[in-house]
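The values are calculated or read from the model by the stated rules, or taken from the named source; none is laboratory data. Worth saying up front: this structure is predicted, and the values here are computed from it rather than measured. Here the Cβ positions follow ideal geometry from the backbone for every residue, glycine too, while neighbour counts run over all protein chains shown. All accessible areas refer to the heavy atoms of the entire protein, side chains included, with ligands and DNA or RNA removed. Shrake-Rupley method; radii C 1.70, N 1.55, O 1.52, S 1.80 Å.
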Amino acid sequence: MRKLLDLILVVAVLGIAGYLFYKHKAAQVPPEPAISPSQAFSIEILKQKAEKLSESAYQPLPANLPDEFKRLSYDQYRDIRFKREQGPWYNQRRPFEIQFFHIGSIFQSPVLVNEIVDGKVVPLTYRPEYFDFGKNHFLPQNLNQSLGFAGFRLHAKLNSPTYYDELVAFLGASYFRALAKGQKYGLSARGLAIDTALQSGEEFPVFKEFWIVRPTRKSKDIKLYALLDSPSATGAYKFVINPGKNTVMDVEAYLYPRKAIKKLGVAPLTSMYLFGENTKNRFDDHRPEVHDSDGLLIHNGNNEWLWRPLDNSQYLRISSFEDFNPKGFGLMQRDRNPRHYLDFEANYEKRPSVWVQPLEDWGKGIVQLVEIPSIQEIHDNVVAYWVPDEPIEPGKEYAFKYRLNWCNSVPEDNGLAKVLSTYTGIGGVSGMLETDKRKFVISFSKLPNLQKDIQNGAILPDVSVSEGKIKGVHLMYNPLTKGAMLYIDIVPNGKTAELRAMLRKNGAPASEVWSYQWLP
């Protein structure tokens with residue numbers, strides 16, 4: 001299994017943004033807490049603090065870090081381990097444990113972490129004895145409590161009644177990752193995205209302080225709160241995390257802009273797609289596929305289910321899907337067959353899918369997908385988020401409530417045939433290839449009576465293309481998968497083409513909508 005830090009490093013080298021934390025001159029004072037120790041805590045108090053913070057100029061996190069920690073290499077940083085027995089909830093028979101990340105290497109600014117005990121704030125302060133520094137020859141006794149933590153992770157009995165597995169980790173800007181039962185770390189979520197894929201450059205808000213409700217022995221979930229800060233906005237966040245076969249996070253986000261924001265990315269998801277069955281710029285790699293996610297799934301306000309396969313082309317691709325009150329969207333790892341990856345260390349077939357469900361009406365906006373060219377799997381190069389149509393102006397509160405399902409597949413069954421895979425190549429038929437044509441082959445999952453319905457014409461394909469011409473459409477039953485194979489030939493006209501295809505039974509939708517962007 002690739003360790004969490006192997007994956008978290010991706011966050012620091014994202015192709016989509018250059019870097020996700022701001023480098024500043026070192027300050028010798030720790031950050032001031034937003035809520036004083038022993039003070040009562042509530043989401044309303046946190047909202048008031050975030051709103052008041054938005055009325056003042058942005059102050060970056062201090063970098064109160066000794067030089068030896070600044071110079072840590074990636075491997076040296078990985079060698080610093082938290083001692084589990086030093087955890088504040090260790091051996092207390094609670095359903096959750098907490099462990100901390102040391103600051104150092106690329107994580108040079110501390111965040112504050114607090115407990116909420118009986119409704120009051122109790123700081124969790126840094127102590128060098130919490131950590132095993134491995135082969136790093138430091139003098140921990142010279143370190144003081146002002147050093148702080150880079151982040152934290154929560155553990156729960158996810159896969160075994162006797163072992164505390166990693167459940168969720170908050171580390172770096174507003175990034176966090178979580179796991180459901182049987183999964184390995186993959187894609188990540190963020191608190192907020194600002195100006196992603198704009199020429200002006202992306203801004204990365206940070207969670208600068210956390211408050212975690214100390215769980216009781218009977219707690220089924222764990223609650224935590226976070227204060228978000230950036231040059232453009234502040235925010236108060238509440239997370240309620242329930243681990244299980246699907247790990248469910250209910251999120252409340254209250255945002256307070258400091259200035260007008262061109263593009264607000266709500267519930268952003270960040271993932272990696274290097275290559276798969278539909279990728280044409282092949283890599284010299286022994287593995288058939290390498291990706292944390294293989295498609296964007298959308299359940300739009302018109303009750304249409306749409307699947308957009310991911311790809312890694314030579315060019316930046318931005319796809320926008322207009323919607324009104326979306327019912328859900330997410331980056332999915334749909335292919336769960338280990339033979340399709342042949343990587344028994346990375347275990348891509350065990351990476352989480354994340355399904356975003358709005359818990360209220362979000363109005364008009366777009367689901368946007370950004371795909372960045374990448375040549376290495378250490379780079380997260382895919383991001384998806386919701387962009388509200390409403391202008392984001394200072395002096396207002398913007399609230400978003402949604403659920404993040406860390407899962408293997410969408411929790412609800414829509415009864416439609418799902419897109420399993422996409423292939424593309426030179427058009428025509430075997431032995432009579434035609435280089436002016438492009439062929440797309442879509443594999444759909446099985447449906448009741450599918451073979452009979454295809455034979456008698458009850459199920460028919462519905463295909464369209466925005467540019468070029470459709471030159472052939474053929475639907476066949478697939479005896480290997482008990483599903484359907486749809487073959488489409490088009491003649492491109494040199495322009496970017498948007499293709500759509502679906503199956504209909506007696507005129508009604510029988511499958512998801514396959515949506516594909518073809519770049520000449």
For the chain, dividing by residue count, accessible area per residue (probe 1.4 Å) in Å² works out to 43 Å²
Given labels modelled 7 Å from the Cα in the Cβ direction, how far is it in nm from Val429 to Lys469? 2.0 nm
With a 1.4 Å probe and every protein chain kept in, tell me what percent of the accessible surface of the range 190-256 is carbon plus sulfur. 46 percent
Whole-Hz Karplus ³J(HN,Hα) for the range 498-507, in order, using 6.51 cos²θ - 1.76 cosθ + 1.60 and θ = phi - 60°, x for Gly and Pro? 9, 10, 9, 8, 7, 9, 10, 10, 6, x
First compute the accessible area of the range 111-184 with a 1.4 Å probe, then give the percent of it belonging to carbon and sulfur atoms. 48 percent
Give the carbon-plus-sulfur fraction of the accessible surface of the range 336-410 in %, rounded to a whole number; probe 1.4 Å, heavy atoms of protein chains only. 48 percent
Which percentage, to the nearest 5, of the DSSP beta bridges contained in the chain is antiparallel? 95 percent
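What do you reckon, how do Arg308, Arg93, Arg334 stack up by accessible area (1.4 Å probe), largest on top? Kindly include the intermediate steps, with their values, before the conclusion.
Working: Arg308 5, Arg93 175, Arg334 50 Å².
If we order Arg308, Arg93, Arg334 from most to least accessible, we get Arg93, Arg334, Arg308.
Quick check on packing: order 462-470, 439-447 by the mean number of other C-beta atoms within 10 Å, highest mean leading.
Numbers: 462-470: 15.0, 439-447: 21.0.
The densest-packed peptide leads the list: 439-447, 462-470.
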For Tyr273, the accessible surface traced by a 1.4 Å probe with all protein chains present amounts, in square angstrom to the nearest 10, to 0 Å²
Helix-only CD estimate at 222 nm, as mean residue ellipticity for the chain, using -39500 (n - 2.57) per DSSP H run (n ≥ 4): -2000 deg cm²/dmol
13 Å beta-carbon shell around Tyr58, net charge (K/R +1, D/E -1): 0
Of all DSSP beta bridges having both residues in the range 114-271, the percent classed as antiparallel (nearest 5) is 95 percent
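May I ask for the net charge around Val117, where only other residues with Cβ less than 15 Å from the Cβ of Val117 are counted and Lys, Arg are +1 while Asp, Glu are -1?
On the way: positive: Arg94, Lys120, Arg214, Arg217, Lys223; negative: Glu115, Asp118.
Spelling it out: positives minus negatives among the neighbours equals +3.
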Cα-Cα longer than 26 Å, checked against Lys439/Lys495; Lys220/Lys263; Lys262/Lys495; Lys49/Lys259; Lys70/Lys157, kept in input order, equals Lys220/Lys263; Lys262/Lys495; Lys70/Lys157
Mind ranking Thr125, Thr270 by accessible surface for me, highest first, 1.4 Å probe? Thr125, Thr270
Per-residue HN-Hα couplings for the range 196-210 [Karplus 6.51, -1.76, 1.60; θ = phi - 60°; Hz; x = Gly/Pro]: 5, 6, 9, 5, 5, x, 8, 10, 10, x, 10, 7, 8, 8, 10
Reviewing (i) 78, 59, 40; (ii) 75, 49, 44; (iii) 91, 58, 41, the figure for Cα extents along the principal axes in Å actually calculated from this model sits under (ii)
Working with all protein chains in place, sort His155, His286 by solvent-accessible area computed with a 1.4 Å probe, largest first. His286, His155
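So for the range 125-220, considering every pair of alpha-carbon atoms, how many percent are separated by more than 24 Å? Each step should come with its number before you reach the end.
Numbers: 2037 of 4560 pairs.
Every Cα pair in the range 125-220 considered, those over 24 Å come to 45 percent.
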How do 202-210, 392-400 rank on mean C-beta neighbours within 10 Å, highest first? 202-210, 392-400
Simple spin-label estimate for Asn91 and Gln39 in nanometres, 7 Å along Cα-Cβ: 3.5 nm
Would you calculate the volume per residue, in Å³, of the smallest convex hull containing every Cα atom of the range 205-300? 210 Å³
